[in-house]
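This report refers to the structure that appears directly beneath it.
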């Protein structure tokens, strides 16, 4: 389809086939559309729910266009959220990634700067002094020695440079929030992901099922794209789906205010440093432990969530997570 017929059909509610979606995303990545056309497509696609075929086609195109890496053979996990929940929490999934790695599991985290929130994972890691790289030897060294590495999305998805300006100017959640966790170039064998609505959670559930990954997809019913412990959470996994309460993790209920990430990146960084040093508030720590536990359960299918929380708690309380961060920054 040419651009005019594509945009007209999307605006009239037509859902693209996987092949059409692949073609549209490839054209965006290759610079075939101008800025105005990219803006129109992004707004039109982001104003409605994506279909399974669309998200599959978009994902496949972005992975094909991405910079390749040699770390795809590791039995690693990615822990991330889609963003776009407009809750402005602190960097829960990034902290959970360090806890999971400190507990002995390999983590290849894919992340970016915040678009619709104050601080994305890349913002806080950059402030800490982590040097982003697409060099596979650096990433392998970090995975082998410390169980963790970070893949900064702009380095691995140069094709998205064509739409980065539009995304920043819009400042709202777009289809790229929906796609971000699906296009990790490490192609991790395991995945923990939080999403901003139930429809998208189900799409991820179907897609990751087809990929035959060990995975967990979560959406808190009060809107969070992570396990916030502020409400029940819809919990999809390789084993099925269930609605979980904070007590199912062996943890108390949080309030939304307790998870607030602050007004600036410096605010988010201050919280990050306290939590990883095991000096965060009980609510902050428990939220990180719950998300880390879900990640750990992707490796430990036979363990209950409270057992996985206990593994995560030990890795944080004994200082291993903090030491991991220190060592990671030392080898930069």
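None of the figures in this text is laboratory data; all of them are computed from the coordinates on show. Quick caveat, the model's predicted, so the values are computed rather than measured. Here the Cβ positions follow ideal geometry from the backbone for every residue, glycine too, while neighbour counts run over all protein chains shown.
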Exercise. Rank the residues 168, 127 as a footprinting-exposure proxy: fewest other Cβ atoms within 10 Å of their Cβ go first.
Key: 168, 127
Quiz item: Gain in length, residue 210 to residue 253, computed as 0.36 nm per residue apart minus the alpha-carbon separation, to one decimal in nm?
Solution: 12.1 nm
Quiz item: What's the exposure ranking of 25, 11, going from fewest to most Cβ atoms within 10 Å?
Solution: 11, 25
Quiz item: Which of 110, 219 comes first, and how do the rest follow, when ranked by fewest Cβ neighbours within 10 Å?
Solution: 110, 219
Quiz item: Pairing the Cα long axis of helix 198-210 with the longest principal axis of the chain, what angle in degrees results, from 0 to 90 and rounded to the nearest 10?
Solution: 90 degrees
Self-check item: Prolate/oblate/rounded label for the range 1-144 (Cα gyration tensor, a/c 1.5)
Solution: prolate
Self-check item: Length-normalised contact order of the chain in % [C-alpha pairs under 8 Å, at least 6 apart]
Solution: 21 percent
Practice problem: Taking the chain as the reference, fit the longest principal axis to its C-alpha atoms, fit the long axis of helix 305-317 to the helix C-alpha atoms, and give the angle between the two in degrees, 0 to 90, nearest 10. | Solution: 70 degrees
Quiz item: Quick one: which of 81-93, 309-321, 147-159 comes out on top by average Cβ neighbours within 10 Å, and what's the full order, highest first?
Solution: 81-93, 147-159, 309-321
Quiz prompt | Distance between modelled label sites at residue 145 and residue 278, nm, 7 Å Cα→Cβ extension | solution = 2.5 nm
Practice problem: Would you please classify the overall shape of the range 3-65 from the alpha carbon gyration tensor, given that a ≥ b ≥ c denote the square roots of the eigenvalues, rounded means a/c under 1.5, and beyond that prolate means a/b larger than b/c while oblate covers the rest? | Solution: oblate
Quiz item: Any idea what angle helix 161-170 forms with the longest principal axis of the chain, computed on alpha-carbon atoms, 0 to 90 degrees, nearest 10?
Solution: 80 degrees
Practice problem: Work out, step by step, the length gained on full extension between residue 2 and residue 314: first 0.36 nm times the residue separation, then minus their alpha carbon distance; give nm to one decimal. | Solution: 106.7 nm
Quiz item: What number, rounded to the nearest 500 deg cm²/dmol, is the helix-based mean residue ellipticity at 222 nm of the chain, given -39500 (n - 2.57) per DSSP H run of at least four residues and division by all its residues?
Solution: -14500 deg cm²/dmol
